[in-house]
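K.L.:
Sharing a structure, written as structure tokens. Questions coming.
No value in this document is a laboratory result; all are computed from the given coordinates. Worth saying up front: this structure is predicted, and the values here are computed from it rather than measured. Cβ atoms come from the backbone with ideal geometry, glycine included; neighbour counts cover every protein chain shown.
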Amino acid sequence: MTDKAAPVHAGIRKWIDEVAAMTTPDRVLVCEGSEAERDQLVRESLASGELIELNQAKLPGCYLHRSAPHDVARTEHLTFVCTEREEDAGPNNNWMAPPEAKAKLTHLFTGAMSGRTMYVVPFLMGPPGSRFSKVGVEITDSKYVVLSMQIMTRAGTIALDHLGASDDFTRCLHSIGDLSPDRRFIMHFPESNSVWSIGSGYGGNALLGKKCLALRLASWMAKTEGWLAEHMLILGLESPAGTKHYIAGAFPSACGKTNLAMLVPPASMPGWKASTVGDDIAWLRPGSDGRLWAVNPEFGFFGVVPGTSRRTNPTAFDMIQRDTIYTNVALRSDGTPWWEGHDDPPPAEAIDWQGRPWTPKSTEKAAHPNSRFTTPASQCATLSPEFENPNGVPIDAILFGARRQRRVPLVYEAWNWRHGTFLGATLSSETTAAATGKVGVLRRDPMAMRPFCGYNMGDYFAHWLEVGASITRPPLIFRVNWFRTDEEGRFLWPGFGDNLRVLKWVLERTEGRGKALATPIGFIPPVEGIDRKGLDISDEELTALLRVDPAEWVEAVAGQEDFFRMFGRHLPQALWDEHWNLAHRIEEMITPSELKGRDLGI
Ligand code: GTP
Ligand code: SPV
Ligand code: MN
């Protein structure tokens, strides 16, 4: 770490001086991203209580961080996109005029770092040397944020080397402020390529390379540059025959991206190999070969802890046994963490995520439902050899998935890119603990991007259609739902590794094989199309999982119409056409027609 006197990029230097004049820190440190620097920050964080040491014999390099009890998830109502014209931010974003936003925040940032150290973290999103990669610089007064950025991004000198003399970097300003939700704002300025965030030290609110840069600002850049910045995992699959495919999948927060990205094939499907390219964000570019190529801009995983176990996700579980920061999990007396859904049974006593005594009789959860691990990607045993490939990987299929107890089948396929864009645009999901607010409420979350699209979503849908038209070999698009339940609320589908059974059909379809039945909503697999070897699921159960109930879909179509209207003239006509086509087909289904259940035998 060097102090501000050290030579640094002129544009960064100028910005450091401006921010320091406003925030008046005691000292300014520029991070180079070395191990010595990290060790020093860890020592200081242990001394200040920002980190708690976990059992180093069992979990070397692992620490616990407890965030403020009211700062445990993204706060979407305090997140703004500040464009000159309100229409450019769209009805999907909170909007404030840039001068007003700057004035409001300047007031909050003035003197905010007094008595604190201001850290300057240059970081690179994407592989070094790739023409797709973007440089950001985060200024923050949180050591936890610096340590997390060093895991989640390629931080330090590597970013400055990539930037060279260019002034093209995103200015990411962050202060924990007083951590009060009353004085918390996460403001994006796409027109000046900058983010100002104050009042939160948590996840997507504070690690500004992630949602703020790599999704909200990147989606804006992608619109002008002809590519897509998406909330997607990237998974490599190799069949027993040795065929390789890559799949990208958009699922809303806490709906299964990390788990799918680290899928372990079931024992009854020998010969299949899965590799992880990314678990949260994909930057997708049309290639000269007419395909869509994907890069994961991140360098680590910020994953949901509850539910992570040897049984559900052994790859993630093994990966978090060293050099990991745990946030808001419970602590056992032997200095190891515990959470709901851990393989070990609840401990007789523990310290909960807020530092209070906990026993299995406690009414509250031991770990916060949005507790997280922060782990370097390099620790993932299934990390793809293509992870650092500057050109990315070619995508054969895109999945849109969500949490839906009812209505939505296990899997169905779009007729084509346009219909696939419609399937993405009409995605809705039951809310989770990843953002503040009620859990389990159905809400519209197009392309899993509702909280992350940095501009008018009507224009974003149009951009999806444009990108589709610009590629000659577009990926096939599917909707998936691992979360359909029976009357008692039990999941009908085993999920996790067994999701490969669905992906197998998806890949067969991309290879032009695999039978499909046309339904009003898209193609579904016939019951025999899903490999059930070694899986105890009856024909009736699978039929229930794949069922398209017309009465339930009538209701869905009405809701879609209201949602689409919100975007006025920004909503592309093609999506209205898809909508009316669907409404018509559902109507026909109610009075049976020959379309219903027709086996196309493709
Ligand atoms: P973000 O990091 O918030 O974007 O979440 P994510 O989309 O990566 O979700 P993640 O894979 O972390 O899963 C969230 C929760 O869903 C965890 O508690 C998982 O155990 C659970 N989950 C993931 N996949 C499945 C599945 O196939 N079936 C079931 N029943 N639960 C799942
Ligand atoms: C999400 O909510 O989609 C996350 C976690 O990946 S956060 O980084 O907090 O946004
Ligand atoms: Mn996410």
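K.L.:
Scan the stretch 401-410 and give yes if some residue there is in a strand (DSSP E or B) and not hydrophobic (A, V, I, L, M, F, W, C), otherwise no.
P.N.:
yes
K.L.:
While we're looking at this one, here's another question. Filter the stretch 222-250 down to residues that are under 16 Å from Pro394 (Cβ atoms), in a loop (DSSP other than H, G, I, E, B) and either of a type in the set (A, V, I, L, M, F, W, C) or near ligand 1 (Cβ under 9 Å from one of its atoms) (or both), then give me how many there are.
P.N.:
Qualifying residue count for the region: 1.
K.L.:
Can I ask one more? Got a sec? Which of Ala330, Ala367, Ala316, Ala377 is in contact with a Cys (Cβ under 9 Å, 6 or more places away or on another chain), on the phi < 0 side of the Ramachandran plot, within 16 Å of ligand 1 (Cβ to nearest atom) and of a type outside the set (Asp, Glu)?
P.N.:
After applying the criteria, what remains is Ala316.
K.L.:
Given the options Ser253, Ser288, Ser268, Ser309, name the one that is of a type in the set (Ser, Thr, Tyr), in a loop (DSSP other than H, G, I, E, B) and within 16 Å of ligand 2 (Cβ to nearest atom).
P.N.:
Answer to the selection: Ser253.
K.L.:
Now, a different point. For the stretch 548-589, which residues satisfy the criterion of being small (Gly, Ala, Ser) and loosely packed, with under 13 Cβ neighbours inside 10 Å?
P.N.:
Matches in the stretch 548-589: Ala551, Ala558, Gly568.
K.L.:
Are any residues in the stretch 42-84 surrounded by fewer than 16 Cβ atoms within 10 Å (Cβ to Cβ) and basic (Lys, Arg), and if so, which ones?
P.N.:
Arg43, Lys58
K.L.:
Cβ-Cβ under 6 Å, sequence separation 6+ or interchain: first residue in the stretch 199-211 and under 22 Å from Lys104 (Cα atoms) and in a helix (DSSP H, G or I), partner away from ligand 3 (no atom under 13 Å from the Cβ) and aliphatic (A, V, I, L, M). Which pairs?
P.N.:
Every condition considered, the pairs that remain are Asn205/Ile186; Ala206/Val145.
K.L.:
Could you list, in sequence order, the residues of the stretch 242-279 that are buried (at least 22 other Cβ atoms within 10 Å of the Cβ) and of a type in the set (A, V, I, L, M)?
P.N.:
Hits for the stretch 242-279 are Ile247, Ala248, Ala250, Ala254, Leu260, Ala261, Met262, Leu263, Val277.
K.L.:
Which members of the stretch 483-508 meet the condition of being more than 26 Å from the chain's Cα centre (by Cα) and either assigned to a helix (DSSP H, G or I) or crowded, with 21+ Cβ neighbours inside 10 Å (or both)?
P.N.:
Correct list: Glu508 only.
K.L.:
Tally the residues that are away from ligand 2 (no atom under 16 Å from the Cβ) and either in contact (Cβ under 8 Å) with a residue 12 or more places away in the chain or buried (at least 24 other Cβ atoms within 10 Å of the Cβ) (or both), restricting the search to the stretch 212-234.
P.N.:
Going through the stretch 212-234 one residue at a time, the tally reaches 7.
K.L.:
How many of the residues making up the stretch 257-277 are near ligand 1 (Cβ under 7 Å from one of its atoms) and touching a helix residue (DSSP H, G or I) at 6+ places or on another chain (Cβ under 8 Å)?
P.N.:
3
K.L.:
So which pairs qualify, if the first residue must be in the stretch 356-373 and closer than 12 Å to Trp338 by Cα and part of a loop (DSSP other than H, G, I, E, B), the second must be within 16 Å of ligand 3 (Cβ to nearest atom) and hydroxyl-bearing (Ser, Thr, Tyr), the Cβ gap must be under 7 Å, and the two must be at least 6 apart or on different chains?
P.N.:
Listed by first residue and then by second, the contacts come to Ser371/Thr327.
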